[in-house]
Amino acid sequence: MALSGLEIYKQLPKKNCAECGPPTCLAFAMALAGGKASLDSCPYVSDEARANLESASAPPIAKITVGTGDLAVVLGDETELFRHDKKFYHETAMAFTVNDDLADDELTNRIKEINDLKFNRVGLDYNIQLIAVQNKSNDAAKFADAVKKVKEASALPMVLVTEDVKAAEAALEVVGGDNPLLCGANSSNYEAMANLAKAKDVALVVKADGLNDLAELVDKVVALGHKKIVVDPGARDVSRAIADFTQIRRLAIKKKFRSFGFPILTFTSATDALEESLEASVYVSKYASVVVMNTTDKAVVLPLLAWRQNLYTDPQVPIRVQEGLSPIGEVNEKSPVYVTTNFSLTYYTVQGEVEASKIPAYILAVDTDGLSVLTAYADGKFEADKIANVLKKHGGEEQVKSRTIVLPGMVAVLSGKLEEATGGWKVMVGPREASGITPFAKVNFA
Ligand code: SF4
C-alpha cells in the first residue's frame, strides 16, 4: 500500500534545508506521497529510509523496456486513469504472432507480412512494435530455431511465448541479448521462469487466472528478486478483460497497489479479422500495454493503429504540419493556391482531395497552432493579412503564375480583405468542405 505524507515524513532527515525544492521536509513528503516528487531530490535520505520509501517514490506503473536501440519499446510508466486528466505516455505495443510449427516457407511469408505492417497517414508513420513467437510445437529446439529465423528476418523486438522453461532457455540463448519479453510465468513454473528472466535480465510476463491469484503470483516473483514484470490476468473474453484491466489500472494509480503496478499484456481471442481488430481496439483503449494478435490484414490493422494514435496524442496539442506552400502534381500557369491551416487532419484532407481532382494546384498551409479553419478564424489566427504574409514568405509571388487563391468556403468573409492584402490576387471562394474540391476544380481550372 502507498505511504501517507506523514509516514514518509517520519523517515526523512528533517533538516528543512529545501535542497529538494519544497521549503520543508514535510512539504517534500507530501509531494512524494502525491507522486509529484522524486526521492532522488533529497541528498540526505539514508539507505534504510530509501529502501523503506521505495514503494512511495516508485511510479505507479513500472516502466519496462523491450528490445534495444531505435526499435526498443517502452511499456507502462503511465500516471493517469483517464486521458483527459493529462495524457497517456507510452502507446500500446502491437505484437503479431508467428507460430514455431509453420513450415519454412510459411514462416518466411508470415514474418514478411508482419514486417510489411507499416503505414503513413496524415503525415505520420504508423508502425507495429513486436513479433510474438509462439511455441506451438512444444519442442524446445524447434522453438529456438523459429526464434533464430525471426531474428534473422526481422528487426522487431520479440515476445517469446512459451510456458516451457527449457524452450525459454533455448530461445533466450538465441536472442537473450536483444532484450525480448519472456511470456510466461504461471503458478506452476514461476520459480524457474523468474530465475531465468533474472539471469538474462529480461522482462517476464506473469499470468494467472483472476486478479487475486495474479497479485499473489506477482508478489512471489518479486520476492524472488525479479521486478521486470508485465502482468496478464488471463481474461480472454472482452467484458471480463475490460473489468480486470480497469481494476488493475485503478488500483495501481489510485491506491498504489504495488502488485498491480506493472504494464498489462493480453491476447486477442476473436477469429474473424474485423472482430479481432475491434477487440484489440478495446484493449488499446482500456489499459493494455501489449496486445498480441493474429490477423495481418492491413485493412483492419490500419484503423486500429489510427485509433491508437488518436488515444496517445496529447489532447492539449493538435497534430500539425509545417507551414508552407506545396505544389501538388505538375503545377502550371493555371494552377491556383488552396489555402488551409496547418491542422494536419485538415491539411491532409485537402491534399487528398486536390490529388483526387487530378488538377495540379498549390496548397498553402498557414500556421494556426494546429487549429482547424473555423476555430482558427474564431481565434484570430486565420486572417487575411496573415494569409497574405505567409503566401509571400513562402515564395507565392514567384511561384504561382495564376495569382489565384482559393479560400475555404467557411471563411468567405475574408475574400475582400485578402484581395487587398495580396495586392490584387484573384480571390475565389472555394467549397465549404474539402469533398467539394474536385467538382470546384473541374469547373474552374480544368
Ligand atoms: Fe528535507 Fe531532504 Fe528536502 Fe532537505 S533535501 S528539506 S532534508 S527532504
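The values are calculated or read from the model by the stated rules, or taken from the named source; none is laboratory data. Just so it is clear, the structure is predicted and the values come from calculations on it, not from any experiment. All Cβ positions, glycine included, derive from the backbone under ideal geometry; neighbour counts span all protein chains shown. Heavy atoms of the whole protein, side chains included, go into the accessibility calculation; ligands, DNA and RNA do not. Shrake-Rupley method; radii C 1.70, N 1.55, O 1.52, S 1.80 Å.
Values computed for the structure shown
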{"read-out": "Segment 250-359: equivalent-ellipsoid semi-axes (sqrt of 5 x gyration tensor eigenvalues, Cα, Å)", "value": "40, 20, 8"}
{"read-out": "Solvent-accessible heavy-atom area per residue, rounded to whole Å², over the chain at 1.4 Å", "value": "46"}
{"read-out": "In nm, spacing of pseudo-spin labels at E216 and L274 (7 Å Cα→C-beta vector)", "value": "4.3"}
{"read-out": "Modelled FRET efficiency - R0 45 Å, K142 with H84, Cβ distances, 0.05 increments", "value": "0.40"}
{"read-out": "Partners for K393 among lysines (Cα-Cα distance below 17 Å; same-chain residues under 8 apart left out)", "value": "K381, K401"}
{"read-out": "Spacing of the two label points (7 Å from each Cα toward its C-beta) at D297 and S188, in nm", "value": "3.4"}
{"read-out": "Paramagnetic reach from E152 in segment 74-108 [backbone N under 15 Å; point 7 Å along Cα→Cβ]", "value": "103-108"}
{"read-out": "Overall form of the chain per C-alpha gyration tensor (a/c, 1.5; a/b vs b/c)", "value": "oblate"}
{"read-out": "Length released on extending from E330 to D104, taking residue separation times 0.36 nm less the Cα-Cα span", "value": "76.7 nm"}
{"read-out": "Contact order relative to length of the chain, as percent, for alpha carbon pairs under 8 angstrom and 6 or more apart", "value": "12"}
{"read-out": "Gyration tensor (Cα) of segment 46-189, equivalent ellipsoid semi-axes in angstrom", "value": "31, 23, 12"}
{"read-out": "q = 0.32 Å⁻¹, segment 97-136: log10 I(q)/I(0) [Debye, one scatterer per Cα]", "value": "-1.08"}
{"read-out": "Whole-number D in µm² s⁻¹ for segment 343-440, Kirkwood Cα-pair radius fed into Stokes-Einstein, 4 °C, 1.567 mPa s", "value": "95"}
{"read-out": "Global geometry of segment 276-325, whether rounded, prolate or oblate, following the gyration tensor of its Cα atoms and the 1.5 cut on a/c", "value": "oblate"}
{"read-out": "Rg(Cα) / (2.2 N^0.38 Å) computed for segment 210-304, rounded to two decimals", "value": "1.15"}
{"read-out": "Spacing of the two label points (7 Å from each Cα toward its C-beta) at K393 and K358, in nm", "value": "3.7"}
{"read-out": "Shape category assigned to segment 327-394 from the gyration tensor of Cα positions, a/c cut at 1.5", "value": "oblate"}
{"read-out": "Helix-only mean residue ellipticity at 222 nm for the chain, each DSSP H run of n ≥ 4 adding -39500 (n - 2.57), per residue, nearest 500", "value": "-12000 deg cm²/dmol"}
{"read-out": "Cα pair count fraction exceeding 22 Å, expressed as % - segment 1-93", "value": "39"}
{"read-out": "Across K86/K207; K148/K198; K207/K255, pairs whose alpha-carbon gap is larger than 26 Å", "value": "K86/K207"}
{"read-out": "In degrees, nearest ten, helix 238-254 long axis to first principal axis of the chain (Cα)", "value": "80"}
{"read-out": "Given charges at beta-carbon only (K, R positive; D, E negative), |dipole| of the chain in Debye", "value": "1200"}
{"read-out": "Set K63/K142; K87/K200; K118/K149; K417/K442; K142/K286; K151/K256 screened for pairs whose C-alpha atoms are more than 29 Å apart", "value": "K63/K142; K87/K200; K142/K286; K151/K256"}
{"read-out": "Residues listed by number, segment 130-148, amide nitrogen under 19 Å from E113 label point at 7 Å toward C-beta", "value": "130-137, 146-147"}
{"read-out": "Per-pair calculated FRET efficiency, R0 = 22 Å: E173 and N127 via Cβ, rounded to 0.05", "value": "0.20"}
{"read-out": "Gained length - E433 relative to D369, 0.36 nm times residue gap less alpha-carbon distance", "value": "21.0 nm"}
{"read-out": "Pairwise FRET efficiency - D70 versus K442, Cβ, R0 = 60 Å, nearest 0.05", "value": "0.85"}
{"read-out": "For segment 102-185, convex hull volume per residue from C-alpha positions, Å³", "value": "93"}
{"read-out": "Segment E7-V413, length gained on full extension (0.36 nm per residue, minus Cα span)", "value": "139.8 nm"}
